[in-house]
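Engineer: Sharing a structure below in structure tokens format, with a few things to ask.
Read-outs: derived from the displayed coordinates by stated rules, not from any lab. This structure is a prediction, so every number in the text was calculated from the model and none was measured. All Cβ positions, even for glycine, are placed from backbone atoms using ideal geometry, and neighbour counts span all protein chains on display.
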Amino acid sequence: MALLELKDVTKVYAEEGRSITVLDRVSFDVEEERFVCLVGPSGCGKSTLLRMIAGLDQPTSGRILYEGRPVAGVDPHIAVVFQSFALFPWLTVTQNVELGLESRGVDPTTRRRFADKYIDQVGLDGFEEAYPRELSGGMKQRVGIARALAVEPRLLCMDEPFSALDALTAQNLREEVLSLWEDPNLKVSSIIMVTHGIEEAVFMADRIVAFSARPGRVISTVPVDLPRPRNRKDEAFLRLTDQVYSLIV
Amino acid sequence: MDLILLPDVSLSEVMGFLELLEDAGGREDVFRISESLNLELDDILPVIEAGELLALLEAEEGDVALTALGRGFLDADVNQRKKILARQLAGIKVFARVLATLREHRNGRAPRRLFIDEFAERLPDEEAARLVHTVVDWGRYAEIIGYSPETEEVYLDQG
């Protein structure tokens, strides 16, 4: 059984008496231990889809199954990393990381233990008492990642997690996210990442799901069988990047 | 005090640059890297300067190359990287000065303002404040310096 199954997922928004179909009969599976990237033009509904997978929104029709069970609201095994970091400015790094655990009813001692563990894992040791205003964009996103990891999800959803960062910081975090995903001591099995960067998707994913412009439909799913660590200058890398571009453009 | 200004960049940027350099085989033309990232020279030069200051890379005649320490750094996990950075930072004059001042203070703590005022004897106020910000940012990552936003004190991070 796949970790996640999407079956004919459709999302329609009603606006000023009109119906706007954002996603149209989207179906694909995510197996265990996979890194899947969703790519497509802006407005194709890929972020909406990620929100529905995370239980933050619901499909108009179709089904989303996590381990065979319909996703109904926020699932304890699924966590999200947002593009805009979504940190509370009045809370310290530790308090921001503990937040997801607090909302799940975890006791304070266990919260602190988990927060410390994942703060260390993402290299934020030394910043525990810092407030978001003291942090660079890269460090803020590390807090976002630590907060998501602290609830020990099996499926991690990332919504354009590097797009608000400068090019070098983004590269650093891409490498770190891959290291975390490959770490056998972490509970995360699979990652679904929304990106508008095709090269980024080829760099990170095992499989790329390419979407059409609105309404978003799956144009193709492309396996990425390149060995890791990947080099953007390899001929096979460039060929695959070009292939995905040609699907979308 | 003979100050060495720190480039105003984050260590995440430096690490990202090292990783790109590794992808390029460990040596690359600066122009090619900046072109591939759509970065201006003004964006990339401070990052190279920081990498050189930390002895993780060397620049010569328009090329940049990873040093042996830089390669070791990239192979290390996050906690080993912090140890390497801690060692390198301790050898940089401005850090040595801050660490020495902290050791002279009770409990290894001193107001952030003290360092800004000290650096402002040699630098414009804005640059002095930026230098303290960078010292605290790098020092915190390497876990040699801590900072309390409540008391606005810098302190020795003794693990």
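Engineer: Could you let me know the centre-to-centre spacing of the range A:187-249 and the range B:68-83, using Cα atoms, in angstrom?
Structural biologist: The range A:187-249 and the range B:68-83 have Cα centres spaced 29 Å from each other.
Engineer: Order A:142-154, A:202-214 from most to least packed using the mean count of other Cβ atoms within 10 Å.
Structural biologist: With the highest mean Cβ count within 10 Å placed first, the list reads A:142-154, A:202-214.
Engineer: Still on this model: Ranking B:Thr101, A:Thr241 by Cβ neighbours within 10 Å, fewest first, what do you get?
Structural biologist: In order of increasing Cβ crowding within 10 Å: B:Thr101, A:Thr241.
Engineer: Using r as the Cβ-Cβ distance of A:Asp225 and A:Ser179, and R0 as 22 Å, what FRET efficiency do you calculate, to the nearest 0.05? Kindly include the intermediate steps, with their values, before the conclusion.
Structural biologist: Values: r = 20 Å, r/R0 = 0.92.
Plugging the Cβ-Cβ distance into 1/(1 + (r/R0)^6) gives 0.60.
Engineer: Let me ask you something else. Run lengths n ≥ 4 of DSSP H only: what is the helix-derived mean residue ellipticity at 222 nm for chain B, with -39500 (n - 2.57) per run over all residues, to the nearest 500?
Structural biologist: Values: 8 runs with 91 residues, N = 159.
The helix-only estimate for chain B comes to -17500 deg cm²/dmol at 222 nm.
Engineer: Subtract the Cα-Cα distance of A:Gln243 and A:Arg63 from 0.36 nm times their separation in residues, and report this length gain in nm to one decimal.
Structural biologist: 61.8 nm
Engineer: How big is D, in µm² s⁻¹, for chain A by Stokes-Einstein at 10 °C and 1.306 mPa s if Rh is the Kirkwood radius over C-alpha pairs?
Structural biologist: The diffusion coefficient I find is 85 µm²/s.
Engineer: Quick check on the exposure proxy: order B:Phe119, B:Phe95 from fewest to most C-beta atoms within 10 angstrom. It would help to have the intermediate numbers written out before the result.
Structural biologist: Working: B:Phe119 24, B:Phe95 21.
Taking fewest neighbouring Cβ atoms as first place, the list is B:Phe95, B:Phe119.
Engineer: Ok, one more. How high is the FRET efficiency from B:Asp8 to A:Arg113, r the C-beta distance, R0 35 Å, rounded to 0.05?
Structural biologist: It comes out at approximately 0.45.
Engineer: Report the extension gain between B:Ala100 and B:Asn38 in nm, rounded to one decimal, defined as 0.36 nm multiplied by the number of residues separating them, less their alpha carbon distance.
Structural biologist: Taking 0.36 nm per residue and subtracting the Cα distance, the gain is 18.2 nm.
Engineer: Something else now. Can you pull the mean other chain C-beta count within 10 Å for peptide B:144-151? Don't skip to the answer; put the middle values down first.
Structural biologist: Numbers: counts 1, 1, 5, 5, 2, 6, 3, 0.
Average per residue, whole number: 3.
Engineer: To check my understanding: the extent here is largest minus smallest coordinate of the Cα atoms along each principal axis. What are those three numbers for the range A:121-218, in Å, largest first?
Structural biologist: 44, 29, 22 Å, listed from the longest principal axis down.
Engineer: While we're looking at this one, here's another question. Check the straight Cα-Cα distances from A:Lys46 and name the lysines below 20 Å, setting aside those fewer than 8 residues away within the same chain.
Structural biologist: Excluding near neighbours in sequence, the set is A:Lys7, A:Lys11.
Engineer: How big is the charge dipole of the range B:9-159 about its Cα centre, in debye rounded to the nearest 20, if each Lys and Arg gets +1 on its Cβ and each Asp and Glu gets -1 on its Cβ?
Structural biologist: 1020
Engineer: Would you please state which residues of the range A:79-112 a label at A:Glu129 would reach in this model, taking the label point 7 Å out along Cα→Cβ and a backbone N cut-off of under 19 Å?
Structural biologist: Once the point is set 7 Å along Cα→Cβ of A:Glu129, A:89-98, A:112 turn out to lie under 19 Å by backbone N, inside the range A:79-112.
Engineer: Fewest to most neighbouring Cβ within 10 Å: what's the order for A:Val71, B:Val98?
Structural biologist: Sorted ascending by nearby Cβ count, the order is A:Val71, B:Val98.
Engineer: While we're looking at this one, here's another question. Just how far, in whole angstrom, is the range B:21-36 from the range A:124-159 if you go by their alpha carbon centroids?
Structural biologist: That distance is 29 Å.
Engineer: Can you work out the FRET efficiency for the pair B:Arg87 and A:Val12, with r the C-beta to C-beta distance and R0 = 60 Å, to the nearest 0.05?
Structural biologist: Approximately 0.55, to the nearest 0.05.
Engineer: Then there's this: What does the helix-only formula give at 222 nm for chain A: each DSSP H stretch with n ≥ 4 adding -39500 (n - 2.57), the total divided by the residues, and the result rounded to the nearest 500 deg cm²/dmol?
Structural biologist: Roughly -10500 deg cm²/dmol at 222 nm, from the helical runs in chain A.
Engineer: Apply the Karplus curve 6.51 cos²θ - 1.76 cosθ + 1.60, θ = phi - 60°, to the phi angles in the range A:19-26 and return the couplings in whole Hz, x for Gly and Pro.
Structural biologist: With coefficients 6.51, -1.76 and 1.60, one gets 9, 10, 8, 8, 10, 10, 6, 8 Hz.
Engineer: Kindly provide the trypsin sites (Lys or Arg not before Pro) of the range B:23-97 that DSSP labels as loop, not H, G, I, E or B, and whose Cβ sees at most 16 other Cβ atoms within 10 Å.
Structural biologist: When the trypsin sites (Lys or Arg not before Pro) of the range B:23-97 are filtered for loop state and at most 16 Cβ neighbours within 10 Å, nothing remains.
Engineer: Further, regarding this structure: Between beta-carbons, use under 9 Å as the cut-off and find the net charge around A:His196, counting Lys and Arg +1, Asp and Glu -1. Let's see the in-between values first.
Structural biologist: Details: positive: A:Lys46; negative: A:Glu160, A:Glu200.
The answer is -1.
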